[in-house]
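Taking it in order: structure first as C-alpha cells, then the write-up.
The values are calculated or read from the model by the stated rules, or taken from the named source; none is laboratory data. As the structure is a prediction and not an experimental result, all values here were calculated from the model. Cβ atoms come from the backbone with ideal geometry, glycine included; neighbour counts cover every protein chain shown. Please note that ligands, DNA and RNA were not included when accessible areas were found on the heavy atoms of the full protein model with its side chains. Shrake-Rupley method; radii C 1.70, N 1.55, O 1.52, S 1.80 Å.
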Amino acid sequence: MNCKDYQKEILLFYADELPPERKTELDQHLQICFGCAKFSNDILNTVDVIKKGRLPKREIDFWPYVHKRITVKHHLISKWILVPLISMLLIGLMFTKTFFHIPVKATCMDMEIVHELGMIIDYEFLEDLEILENNEFV
Amino acid sequence: MYNRDRDEDILLVQKSKKGDKDAFGELVRRYQSDLYQLARNLVSSTDEAEDITAETFVRAWRYIKSFKEKSSFKTWIWKILVNLSRTHLRRRYLQNKIFFWQGFFKDKDDHIKEIEWIDPSTESDPEKTFEQKNIQQVVRWARGRLSRREQEVFTLKYDKELKISEISEILSLSENTIKVLLFRATKKMAKELKDY
C-alpha cells in the first residue's frame with residue numbers, strides 16, 4: 001500500500017467506515033510517515049469545523065400543509081387529458097387547412113396580365129419563326 | 001443516528017397504502033425535521049427547502065401504492081427529496097443562464113432568515129452566537145466549491161451521518177463511487193477550511 005491508499009483509509013476512519021482490522025496497520029504507518037500524519041491531522045480539524053458549522057435542527061410542522069394538498073380534490077380536467085386533447089385539435093386543424101387548401105382566386109386584373117403576357121410570348125414566338133423562315137433554316 | 005423502528009414504519013406505510021391519512025401524517029412527523037435539514041443543505045435557501053420538503057411528502061403520498069418496500073421507507077423518501085433538489089437546482093441554473101436571473105443569490109429576507117438560524121443554546125452568549133454564524137458562513141461557502149454529487153455525498157455523510165451503503169442506495173451509485181466522491185469532497189473541504 002502507498003500513501004494515497006493510507007490517506008483513503010484515514011478518511012474512512014474519520015467517517016467511521018474503516019474495518020477494525022485495518023486500524024492497527026494504519027496507526028503503524030502514521031507513526032512513521034510525516035505526510036500522512038499531517039493529512040490525518042488536517043482531516044480531523046476539517047471534520048471538527050464541519051460539525052461546528054452544522055445547521056441546528058429547526059422544527060417545522062409540514063403536516064397541515066401536506067394534509068391540505070393531499071385532501072383537496074381537483075375538479076378541473078386533469079392536465080394529462082387536457083394537453084393531449086388540445087394538441088390533437090391543433091394538429092387536426094393544421095392538417096385540415098393544409099390538405100383542403102383552396103387556392104386564392106385570381107383577380108380580374110391578374111388574369112388580364114396573364115393573358116397579355118401570353119399574347120406577348122405568342123407574338124415574339126411568331127416573330128422569331130418568321131425570321132427563321134426568311135433565313136430558310138426551317 | 002436514525003433510531004426509527006423499521007417495523008413501525010412498515011406498519012404505517014401499509015396503512016397509508018390503504019388511504020389512512022393519519023398513518024401517513026405520523027410518517028411525515030417522523031421524517032420532516034431531517035428531510036428539511038437535508039433540503040436546506042442541498043439547496044441553500046430556507047424557502048426553497050420548505051417547498052421541496054413539502055413537495056417530497058406530497059409525492060410520497062401520491063406514489064405510496066407503488067412503493068414496493070424493497071428498501072426502507074426512509075431511503076425511499078430521501079431519494080425523492082434528493083431528486084427534487086436536483087430538479088430544482090437544474091431549473092435554477094437554467095433560469096440563471098437563460099434569463100440572467102439572479103435568483104441564485106439569496107434575497108434580503110432569505111439572508112436574514114439564515115442569520116437567524118442559530119442554535120438556541122448559544123443565543124444567550126453573543127460571542128458564541130457570532131462565532132457560530134461565522135463558522136456556518138464559512139462552511140457553507142466551502143460547500144459551494146464542491147460539485148453537486150460531492151455535495152450530496154458530503155451532506156449525507158457528515159450532516160446526516162449515514163453509512164456508505166445507505167448513501168449508495170439513496171443516490172443509486174456504487175459504494176466505490178461514493179468513497180471516491182467522499183475522498184474528493186473531504187480533501188477539497190480540508191483545503192478550504194485549513195485556516196479555521
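Tabulated results
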{"item": "Selected residue (criterion: nearest to the other protein chains (Cβ to nearest Cβ)) from residues of segment B:158-172 that are closer than 17 Å to residue B:70 by Cβ and either in contact with a Ser or Thr (Cβ under 8 Å, 6 or more places away or on another chain) or open to solvent by 20 Å² or more (accessible area, probe 1.4 Å) (or both)", "result": "B:165"}
{"item": "Residue in segment A:19-41 that is at the interface with chain B (Cβ under 10 Å from one of its Cβ atoms), farther than 24 Å from residue B:52 by Cα, open to solvent by less than 60 Å² (accessible area, probe 1.4 Å) and of a type in the set (A, V, I, L, M, F, W, C) present", "result": "yes"}
{"item": "Failed item in (1) farther than 26 Å from residue B:195 by Cα; (2) at the interface with another protein chain (Cβ under 7 Å from one of its Cβ atoms); (3) open to solvent by 100 Å² or more (accessible area, probe 1.4 Å), with residue A:62 passing the rest", "result": "(3)"}
{"item": "Qualifying residue in segment B:98-113 (condition: modelled with pLDDT of 70 or more, more than 14 Å from residue A:56 (Cα to Cα) and exposed (fewer than 12 other Cβ atoms within 10 Å of the Cβ))", "result": "no"}
{"item": "Residues of segment B:14-62 classified as open to solvent by 60 Å² or more (accessible area, probe 1.4 Å) and either within 12 Å of chain A (Cβ to nearest Cβ) or touching a Ser or Thr at 6+ places or on another chain (Cβ under 7 Å) (or both), total", "result": "9"}
{"item": "Complete set of residues in segment B:147-157 that are within 12 Å of another protein chain (Cβ to nearest Cβ) and open to solvent by 10 Å² or more (accessible area, probe 1.4 Å)", "result": "B:157"}
{"item": "Those residues of segment B:64-85 which are open to solvent by 40 Å² or more (accessible area, probe 1.4 Å) and in contact (Cβ under 8 Å) with a residue 12 or more places away in the chain, in sequence order", "result": "B:65, B:69, B:76, B:79"}
{"item": "Hits in segment B:144-184 - residues which are closer than 15 Å to residue A:48 by Cα and not charged (D, E, K, R)", "result": "B:154, B:155, B:158"}
